[in-house]
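See below for the structure under consideration.
The values are calculated or read from the model by the stated rules, or taken from the named source; none is laboratory data. It should be emphasised that the depicted structure is a prediction, and the values quoted were computed from it without experimental measurement. We place every Cβ from the backbone using ideal geometry, glycine too, and count neighbours over all the protein chains shown. Heads up: the accessible areas ignore ligands, DNA and RNA and are worked out on the full protein's heavy atoms, side chains in. Shrake-Rupley method; radii C 1.70, N 1.55, O 1.52, S 1.80 Å.
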Amino acid sequence: MKKSAKGKSPAGVPSIDGKIVSLLNKAGEIILLNMVFLLCCLPVITIGSALASLYYATIKSIRRERGYPVGEFLCSMKRTLKKGILLTVLSFLWLGLLTFGRYYAKTGQWKLSPGAGMYDVFLLVSACVMIYIFPVLSRFEMKLTEICKLSFLMSIRFLPFTVLSIAGSAAAGFLMVYVLPIPCIFFMPGLWCLALTFLIEKALTAYTPEAEPGEEQWFDRKGENNEA
């Protein structure tokens with residue numbers, strides 16, 4: 001039996017059962033994708049590539065319904081692995097240096113001087129940039145310096161979305177660590193990534209070239225505008 005177009009019955013009445021089945025199917029895909037993501041994060045240095053791939057599979061398969069989520073995730077992992085590892089290592093080193101510097105500024109000779117505040121500013125700016133780094137890695141073929149530069153520009157140009165993304169990420173992390181760590185770990189990363197696409201995709205779309213005439217791309221800006 002064929003499915004009715006756009007979840008409607010033959011009489012043109014919206015099918016509630018069809019919507020429920022579609023919702024449950026997407027929920028299952030998010031949970032499965034979340035599990036694959038967590039497994040790929042276990043080596044630690046692959047976290048960056050896993051984040052990029054989670055975003056890629058979520059926006060392409062979950063929202064745009066192109067391909068299979070796990071298949072798209074694994075294809076992205078293979079494509080972004082080298083750069084993702086480098087970005088992960090560099091990000092950990094950079095954040096580690098800033099954290100150590102801030103600690104030294106508060107406990108060393110600077111104590112609670114403006115020096116500690118300076119590190120807080122650098123940490124905040126770094127968080128703003130890192131919100132975009134791995135989604136940018138998932139979408140564009142660029143050098144590492146170009147990825148960081150574009151992520152910085154996006155964080156400024158789309159500042160309201162940046163603030164919401166950071167606040168939401170902090171809230172999701174708080175739920176996973178301090179409130180309900182066991183149940184949340186099975187769905188929270190994937191669910192929050194889905195929510196994040198509605199914010200970050202606005203920035204990515206602004207820098208994504210439109211498809212050539214007669215060529216259809218899943219990330220075409222016209223498709224995003226229609227969806228929004």
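The table below lists the values:
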| read-out | value |
| --- | --- |
| Whole-number D in µm²/s for region 58-213 (Stokes-Einstein; Kirkwood sum over Cα pairs; 20 °C, 1.002 mPa s) | 123 |
| Surface accessible to a 1.4 Å probe, T107 within the full protein complex, Å² | 80 |
| Calculated FRET efficiency for the pair F100/L124, C-beta based, R₀ 22 Å, to 0.05 | 0.85 |
| Within-14-Å neighbourhood charge of L32 [Cβ basis; K, R +1; D, E -1] | -1 |
| Euclidean distance between Cα centres, region 137-159 to region 21-66, Å | 21 |
| Per residue solvent-accessible surface (Å²) - region 15-147, probe of 1.4 Å | 56 |
